[in-house]
4 protein chains.
Amino acid sequence: MDQIRVGIVGGTGYGAIELIRLLLNHPVAVIHCLVSRSEAGRSVGDVFPHLRGRLDLYYQAPETDELHACDVVFFATPNGVAMRQAPDLLARDLKIIDLSADFRLRDHKIWSQWYGEPHVCPELLEGAVYGLPELSRDSIKDARLVANPGCYPTAIILAYLPLLRAGIRVQGDLIADAKSGASGAGRGATVRNLLTELSENFRAYGVEGHRHLPEIRQALESISGKSHELIFVPHVVPMIRGIHATCYAEIPGDVDIQAIYERAYGEEPFVDVLEPGLYPETRSVRAVNFCRIALYRPPQSSRVVILSVIDNLVKGAAGQAIQNMNLMFGLSEITGLDDSPMVP
Amino acid sequence: MDQIRVGIVGGTGYGAIELIRLLLNHPVAVIHCLVSRSEAGRSVGDVFPHLRGRLDLYYQAPETDELHACDVVFFATPNGVAMRQAPDLLARDLKIIDLSADFRLRDHKIWSQWYGEPHVCPELLEGAVYGLPELSRDSIKDARLVANPGCYPTAIILAYLPLLRAGIRVQGDLIADAKSGASGAGRGATVRNLLTELSENFRAYGVEGHRHLPEIRQALESISGKSHELIFVPHVVPMIRGIHATCYAEIPGDVDIQAIYERAYGEEPFVDVLEPGLYPETRSVRAVNFCRIALYRPPQSSRVVILSVIDNLVKGAAGQAIQNMNLMFGLSEITGLDDSPMVP
Amino acid sequence: MDQIRVGIVGGTGYGAIELIRLLLNHPVAVIHCLVSRSEAGRSVGDVFPHLRGRLDLYYQAPETDELHACDVVFFATPNGVAMRQAPDLLARDLKIIDLSADFRLRDHKIWSQWYGEPHVCPELLEGAVYGLPELSRDSIKDARLVANPGCYPTAIILAYLPLLRAGIRVQGDLIADAKSGASGAGRGATVRNLLTELSENFRAYGVEGHRHLPEIRQALESISGKSHELIFVPHVVPMIRGIHATCYAEIPGDVDIQAIYERAYGEEPFVDVLEPGLYPETRSVRAVNFCRIALYRPPQSSRVVILSVIDNLVKGAAGQAIQNMNLMFGLSEITGLDDSPMVP
Amino acid sequence: MDQIRVGIVGGTGYGAIELIRLLLNHPVAVIHCLVSRSEAGRSVGDVFPHLRGRLDLYYQAPETDELHACDVVFFATPNGVAMRQAPDLLARDLKIIDLSADFRLRDHKIWSQWYGEPHVCPELLEGAVYGLPELSRDSIKDARLVANPGCYPTAIILAYLPLLRAGIRVQGDLIADAKSGASGAGRGATVRNLLTELSENFRAYGVEGHRHLPEIRQALESISGKSHELIFVPHVVPMIRGIHATCYAEIPGDVDIQAIYERAYGEEPFVDVLEPGLYPETRSVRAVNFCRIALYRPPQSSRVVILSVIDNLVKGAAGQAIQNMNLMFGLSEITGLDDSPMVP
């Protein structure tokens, strides 16, 4: 393939900005079309001065035909948009990677319960592949419609995946105490997300029900074959990027959990299992498509603590979407995703 | 009493700076003497420009006799200093409030295990009162030597106190996933605590054993009368002040935990139990001697999630020390501690 | 006077929140009435959880009669509101302190040029007193309508005041390179002020004309009796509070500028002139009604650099408003404003 | 050339970490040897967990012979180290790019005055090329010893370069009011640079004489052929990366300064002159080797305000060093430096 022509719908949110940054670094993909209702007609460099001179494109209105000339369309839109455009696009010869939540849940009834409206194309849900390569790499390769996982789900599912896949007997509930930078809340103008409100402050939110909860539960169940009680408490950290999930599980005392994780992720290009005694920090994956995981077993305890970090905008969104694109187009999985983390 | 003459040993750390800020606002206490080995001879305003014109004192060397003229001496020193000076001071007619860890553990063997040296005055440990007023107000009133609790312990013990005091049967272990601003690490010069290392970053630390662990365990055991398995994972948040403890426990499903907490803290001047559906943020207690607590029971679950916030430098250190001083000197507990939180 | 009954209109912005924090600490003033169109009917503690238990009031609609029972009304409203309510209120027996810009400019034509609408009560402008006590303390004492200065103007006018008042001959233009924390932009929901947009970022704004420019020019002219060319470049700092103005002027080489400033501010309760070689930082005035100023004369140069810091929400807004109130009601100027800065 | 073997001395500071990040992205350069006295013997991934799996090297002691096998050696050391090793290395067949200040000043007497010790190899100063490509690209191509400019000098010299090169008559002094993120101060452990000291704070520093002052003066004089009075006031911003220089000059009113800058930088790969009305922000160059500049002429004024932003660790250090390397080895100047800025 000479090149992959890429379209991005919802081109002004953080997911889209990050897609642009990463795709400009991709040797095969070329951004062909950017769609934004609010910025239609303006050049990318006008809207985002940091992209001056790097991308000579104008935002298109949603009605544009240019998307049809793409090989793949990324949706970086609010929930509810992709499901309205997907059927028409899939009828053409292109693939879709949806960074929103429209195709993440298999059960349209659960979807509408959490997202507050009926799903408009439930018939597509079965064919949609949940795009976590470490979980379902082969299905992604053949998929035409990929549901890119949420940021919290990526960090938390990767934290529990080897444990559940190995069939370790988990007692009681799972607890995922998760912390995210503010970019997870998107680029919308809200008082809650002002610097003056978030900075020098720390709080939980969505305690009574975050939309990522059913998504994580579904994935965990698909791994172990049984349902898991999951307590999921998200918090917002006064920083821009990064997720740190501190995950707890009760397991038999004689399980060599470190060995299980090292084996499970030994061949994975984007997951690093730290040696015992090391613990990850979010900046160690800043700006890159990577997850670092550490394990801790308190002495005389049946607990295991699993610490997992990602950059929510990369492995938790745009980077993983490109990883999925690479798989869908038969490229090496790491194509365009080999940069080093930005520290400090 | 006309006034309380106060001495502060270890006068240049964040605990001492905060003691000074709060005591300058106290109607009865007067700072009589400040001790710092490193800054002896310099004026307070020279060392801390924000105190120019507010406190006309010079730092004294540790050998000063001025401490003997005090009614109460606060130790805001590194661990290991207070225990060396306390016996001599207690032989005089004054009281001691130790913000360091020297007198927090009743068992000197556990103390030396965690603090890496023998305790030099183990005979004082039994008489020392653990200065958490919500736990042991009456003993504090009569104490001459108060061990001011650590910051994490304050947030976490207050989170579990009503639960354990009410005799609710807790199943399995307790999990305290705690997050602290950087001032908890003190004012020492270390690479790890540079802005360039902490900012835009989030990580756990002390996973394998934080010194506050035995302190919390001891207090929980003193409440319930039995030992508790506690998993304690501290994290550092890129902000200056504030602790948020997210605490988990498994309890019978029919317990009205909200009512228990409201009752337990109903008369407490410095603890606020939020209504169901509200969750605390650290800035809601910024700069004040206050703890806010919320409870959440996930549906169909035997878990309770207890969220607890304090300002680590106030209710977690200097403010609580002054609250203890008020009790020890027969003052109203809120004297000098009635300011409003600083938001934003 | 037993107490001063205070009304606050525009009760949900940062100016109002800070007024509430400071007034709760004031021994004479009592908050009688809070007005907010958007939050009318809700309790203060509901809207601002950090005020739970501290202020038992409900927000009133703007039409409330309760304002009439006040001794003084603070307007912490967007520009254009106070001028519509002031005439009616002044017809009653109360005083007004306007934290917005409605009464700051003497010339209503300049006002409407900068604020984009005609002034509705230009006849009140002459009687309004510009409320910078260091500039016009005596007039404030007798005023019924005080225009509380803007935050940048406070820092910059205090930086130049002694220089101009002393009649030093200034050559060429004045340059005020000013930096402000994000709270200066208020609590409105805008993309530009999200943490994700401001954090880890620094930029100038309003370069081509900030509304504080004519206000500063007017004050400087009133001091020296002649017009000054002023270059004013504001920047936004990724922090919540604080203004640092770095001000430049060209003056004769033989002027003892340090002596002039020390003399000018020697008796001022809220201005501190640092000794040569010391330079101020914004946190040294955090949360307090204070301005710190330092002077630097580069060797062999006719320049003087004047560095001036304030907390934009206190000396730059709410604190100065209370200082004005104290003057207007014959109280000691420092009443309720004697707290120590919050460091760290 | 197959590849460029690179050595880095002083391998644990921020300059070195950034060199590593950028060089890992460079298609021709290969890191051959890393020298650090403090970390000798440890693997890079051990010292910097974010580099785990990316660079399989161990730190060498300074005495290592491995440097001799390099084609180019970068010094990212404290001042005073490079000048001690350079003569020996230059006697071999390799090139040196010094990110420290050892070879930046042509006059060794001025150097020792600012750096507090005699220069040990003043005879090398004349042959050293000041490595600002926009200023002296051709000399850099032929250089064997390049003095990589300081971060402030890069931002400020690029701000004034077209003005002075065009021979515009500047009246009076130049004022450079500069603001830098904290990484400019390096990775040393100091109280001043703790998050708790820098965060939520803004201050000037080095007012009475920053070491970058003579460096900037020397460059400006080399451009215009005459000496310039320069007032340089640096400030520290509570963020990690970025410099914003707000530069002032007085010039004749009829100069079309915008046209001069657009022409001067029209062909430059790493300098962007914004259109009138646009102003740069530091994040628009975050993580990339780029400088953005804007110009503003206040109405009826002879002033011009020049706003210039860079990432201090990239265009202000490691990126510029690689740009210089590209020039010295005959590569396209942008090789390995074509990434997009990281926003948000």
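Just a few scattered comments:
- Each residue, B:S227 and A:S139, gets one label point 7 Å from its Cα in the Cβ direction; the gap between the two is 4.7 nm.
- Acute angle (nearest 10 degrees) that the helix D:319-328 long axis makes with the longest principal axis of chain D, alpha-carbon atoms: 80
- The range C:34-136: C-alpha gyration tensor shape, a/c 1.5 cut-off, then a/b vs b/c: prolate
- Residue among B:P234, B:F290, B:C33 farthest towards the positive dipole end of chain B, charges placed on Cβ: B:P234
- Where GluC sites (Glu not before Pro) fall in DSSP loop in the range C:121-180, at most 12 other Cβ within 10 Å: C:E126
- Global geometry of the range D:117-218, whether rounded, prolate or oblate, following the gyration tensor of its Cα atoms and the 1.5 cut on a/c: oblate
- Within the listed set C:P234, C:P269, C:P162, the Gaussian network model of chain C (springs between alpha-carbon atoms below 10 Å) gives the highest mean-square fluctuation for C:P269.
- Between C:G181, C:G11, C:G172, the residue with the greatest mean-square fluctuation in the GNM of chain C (Cα pairs under 10 Å linked by springs) is C:G172.
- Sorted peptide list for B:138-151, D:20-33, A:94-107, criterion being average Cβ within 10 angstrom, highest first: A:94-107, B:138-151, D:20-33
- Sites listed here are GluC sites (Glu not before Pro) in the range B:214-272 whose DSSP assignment is loop and whose Cβ has at most 11 other Cβ atoms within 10 Å: B:E267.
- Taking the axis that rotates chain D onto chain C, the chain D residue nearest to it by Cβ, with the distance rounded to whole Å, is D:D177, 2.
- For peptide B:271-279, the mean count of partner chain Cβ atoms within 10 Å of a residue's Cβ comes to 3.
- For B:P87, net neighbour charge (Lys/Arg +1, Asp/Glu -1) across residues whose Cβ lies under 13 Å away: -1
- Length-normalised contact order for the range A:112-210 - Cα pairs under 8 Å, 6+ apart - percent: 15
- Other copies of B:D142: label-to-label distances in nm, shortest first, labels 7 Å along the beta-carbon direction: 6.6, 7.8, 9.2
- Charge-dipole axis of chain C as Lys and Arg at +1 and Asp and Glu at -1 on Cβ define it, positive-most pick from C:S332, C:T64, C:S199: C:S199
- C:D88-D:D46 FRET efficiency (beta carbon distance; Förster radius 56 Å; 0.05 resolution): 0.20
- Compactness ratio for the protein assembly as shown: Cα radius of gyration over 2.2 N^0.38 Å (N = residue count) comes to 0.92.
- Summed residue charge, Cβ within 13 Å of C:V170's Cβ, Lys/Arg positive, Asp/Glu negative: 0
- Computed from the Cβ-Cβ distance with R0 of 41 Å, the FRET efficiency linking B:A69 to A:Q300 stands at 0.25.
- Taking the fewest neighbouring Cβ atoms within 10 Å as the starting point, the ordered list for B:W111, A:W114 is A:W114, B:W111.
- Three-way shape label, the range D:102-159, alpha-carbon gyration tensor, a/c 1.5: oblate
- Chain D: angle of helix D:151-165 to the longest principal axis, Cα-based, in degrees nearest 10: 40
- Applying a DSSP loop filter and a limit of 10 other Cβ atoms within 10 Å to the trypsin sites (Lys or Arg not before Pro) in the range B:151-200 leaves B:R169.
- Cα point-scatterer Debye curve for the range D:261-340, base-10 log of I(q)/I(0) at q = 0.23, 0.26 Å⁻¹: -1.07, -1.23
- Long-range Cα-Cα pairs in chain C (distance over 33 Å), rounded percent: 24
- Evaluated with a Cβ-only charge set (Lys, Arg +1; Asp, Glu -1), the range A:152-310 carries a dipole of roughly 380 debye about its Cα centre, given to the nearest 20.
- Residues D:E66, C:E197, B:E39, C:E117 arranged by fewest to most Cβ contacts within 10 Å: C:E117, D:E66, B:E39, C:E197
- Taken about its Cα centre, chain B carries a charge dipole of about 500 debye when Lys and Arg each add +1 at the Cβ and Asp and Glu each add -1 at the Cβ.
- Among residues other than B:E268 with Cβ under 10 Å from its Cβ, the summed charge is -3 (Lys and Arg +1, Asp and Glu -1).
- Square roots of five times the Cα gyration tensor eigenvalues for the range A:188-344, Å: 25, 23, 17
- If R0 equals 60 Å, the separation of the Cβ atoms of A:Q113 and A:E262 corresponds to a calculated FRET efficiency of about 0.95.
- Take A:A40, push a point 7 Å out from Cα through the beta-carbon direction, and compare it with the same point in every other copy: 3.9, 6.7, 7.7 nm, smallest first.
- Relative contact order for the range B:228-329, counting Cα pairs under 8 Å that sit 6 or more residues apart, in percent: 31
- Relative contact order (%) - chain B, alpha-carbon pairs under 8 angstrom, separation at least six: 17
- Computed about its Cα centre, the charge dipole of the protein assembly as shown is approximately 0 debye, with only Lys, Arg, Asp and Glu carrying charge at their Cβ.
- Candidate lysines for bridging to D:K179, where Cα separation is under 19 Å - those fewer than 8 sequence places away on the same chain excluded: C:K179, D:K315
- Per-residue Cβ neighbour rank within 10 angstrom, fewest leading, D:H244, A:H119: A:H119, D:H244
- Seen against the Cα atoms of chain B and their longest principal axis, helix B:212-224 is set at about 60 degrees.
- For A:S112, inter-copy label distances in nm, listed shortest first [label point 7 Å out on the Cα-Cβ vector]: 5.7, 7.1, 8.5
- Set the Cα radius of gyration of the range A:1-71 against 2.2 N^0.38 Å, with N its number of residues, and you get 1.02.
Bear in mind these aren't lab numbers, they're just calculated from the coordinates by the rules spelled out. Note that the coordinates shown come from a computational prediction; the quantities given were computed from them, not determined experimentally. Counting neighbours? That spans all protein chains shown, and the Cβs are built from the backbone with ideal geometry, glycine included.
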